[in-house]
1. If N is the number of residues in region 120-225, what value comes out of its Cα radius of gyration divided by 2.2 N^0.38 Å?
2. Just want to confirm a number: the relative contact order over region 120-225, from Cα pairs under 8 angstrom separated by 6+ residues, in percent.
3. Give the peptides 169-182, 8-21 in descending order of average Cβ contacts within 10 Å, highest first.
4. For the chain: lysine pairs with Cα atoms under 28 Å, gap of 8 or more or different chains, count?
5. With no solvent and one equal point scatterer placed on each C-alpha of the chain, evaluate the Debye formula and give log10 I(q)/I(0) for q = 0.13, 0.18 Å⁻¹, two decimals.
Amino acid sequence: MTHVVTHDAKLIGTAVGGVRVTIRDASTGRILAEGRHDGGTGDTRRIMQEPHTRGEAIYTASDGAKYETSITLSEPTMVEVTAEGPLNYPDQMARSSKRLWLFPGRDVTGDGIVLEMHGYIIDILAPDTTASMASSSKVTVRARVRMLCSCPTQQGGMWEVGDVVARLVHDGKVVREGKLSYAGEASTYSGEIEAPDAGSYALEVLAANPQAATFGMVRRWVTVRR
């Protein structure tokens, strides 16, 4: 049994494409099992609000995301368990791994092996990065910032992110930058940046919560025309 969880949040599952879990023999690199961690994000009250006692199952729930498999072992084996995801966001995927012994006939049950990932997933809602933009005095940027589990961020909510920035980058240099503020709708942030000269730019949206070691960034290319 393996569970993959967002740092300070919930299980990473179907809502964001799931997580690829790979179990390898640590000494040879041979893949012993591979599959997808799928399902719901788990019980918010149990995971985030209720006190936990030692040995209590936190992530095990009927609809909670999990990866469960059987491995044939002939002797005690050191394995490496790796998780990569969320799979719907290939340019924003995080990775986490653990090494541990597994013994034949000793099933790993309950919460099992728990892997934790740090980060946000970010969608750029505006401008339309599939079309060129006319040069004007301002560019409005809107973005959706969620936890890796798809859990919403919002002002005064369970998950807050106060540092969201949009910037335009050209030849490795930041040419425009502006803060995005909470827009009054869950996970949505908006703001304006000064329009640059005509040309091709990388539009980047960055979200940061350094105290929780949680960061996220998405990059899309935009063309500005005269």
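1. The reported ratio for this selection is 1.05.
2. Computed value for region 120-225: 32 percent relative contact order.
3. The most tightly packed comes first, giving 8-21, 169-182.
4. Eligible lysine pairs with Cα atoms under 28 Å apart amount to 6.
5. -0.81, -1.21
Values quoted throughout were computed directly from the atomic coordinates according to the rules given, and no laboratory measurement underlies them. Since the structure is predicted, the reported quantities are computational estimates derived from the model, not experimental observations. FYI the Cβ positions are ideal-geometry reconstructions off the backbone, even for glycines, and counts take in every protein chain you see.
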